[in-house]
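Heads up: the structure comes next, in structure tokens.
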């Protein structure tokens, strides 16, 4: 029995990777991770905008205020935040109301909207800045801008980023 344990441990040791850098993953390996980059288009003032989407925005507020979001933070209807189906959580997006040209900067902190035909759910504060609280819906353009900064200054401020 003791000999078997020694042989087994020697065999397992021979299977381990050598110390140092791991072997590179073969590019043809079906299990290798793939880096997919979204097509970039030139944004205002030379910014690299990863994606742009146009469609219908709605807003959400009181029934969800104080409840956890998909990012784990507590929803605050007075913060400049939004829910989007696919944009990365904790990323920034510029939302522009198409009929007025007004725009806001929001941080994506939740998933949604869950109503067909809508592309983004804004917090009450963001919808108020864009002026569609009473209407409930507005045609918008959503520009993905990348990760929020470590201090989330954009989401915590009420400063608009106007065109």
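Any read-out appearing in this document is the output of simple, stated calculations on the displayed coordinates, not a laboratory observation. Bear in mind the structure is a predicted one, so any value in this text is a computation, not a measurement. Cβ placement follows ideal geometry from the backbone for every residue including glycine, while neighbour counts extend to all protein chains displayed.
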>> How much length would be gained if the chain were fully extended between residue 86 and residue 149, taking 0.36 nm per residue of separation minus their Cα-Cα distance, in nm to one decimal?
In response: 20.7 nm
> Using a Förster distance of 22 Å, how high is the FRET efficiency between residue 54 and residue 134, based on the Cβ-Cβ distance and rounded to 0.05?
Replying inline: 0.50
> With a ≥ b ≥ c the root eigenvalues of the C-alpha gyration tensor of segment 41-154, is it rounded (a/c under 1.5), prolate (a/b larger than b/c) or oblate?
Replying inline: oblate
>> Test of understanding: ordering 102, 62 by Cβ neighbours within 10 Å, fewest first, what list do you get?
In response: 62, 102
>> Can you sort 73, 116, 129 from fewest to most other Cβ atoms within 10 Å of each residue's own Cβ?
In response: 116, 73, 129
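Which ordering of 84, 65 is given by a fewest-first count of other beta-carbon atoms within 10 Å?
In increasing order of surrounding Cβ atoms, one gets 65, 84.
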>> With the crude spin-label approximation of a point 7 Å out along Cα→Cβ, what separation in nm comes out for residue 111 versus residue 67?
In response: 1.5
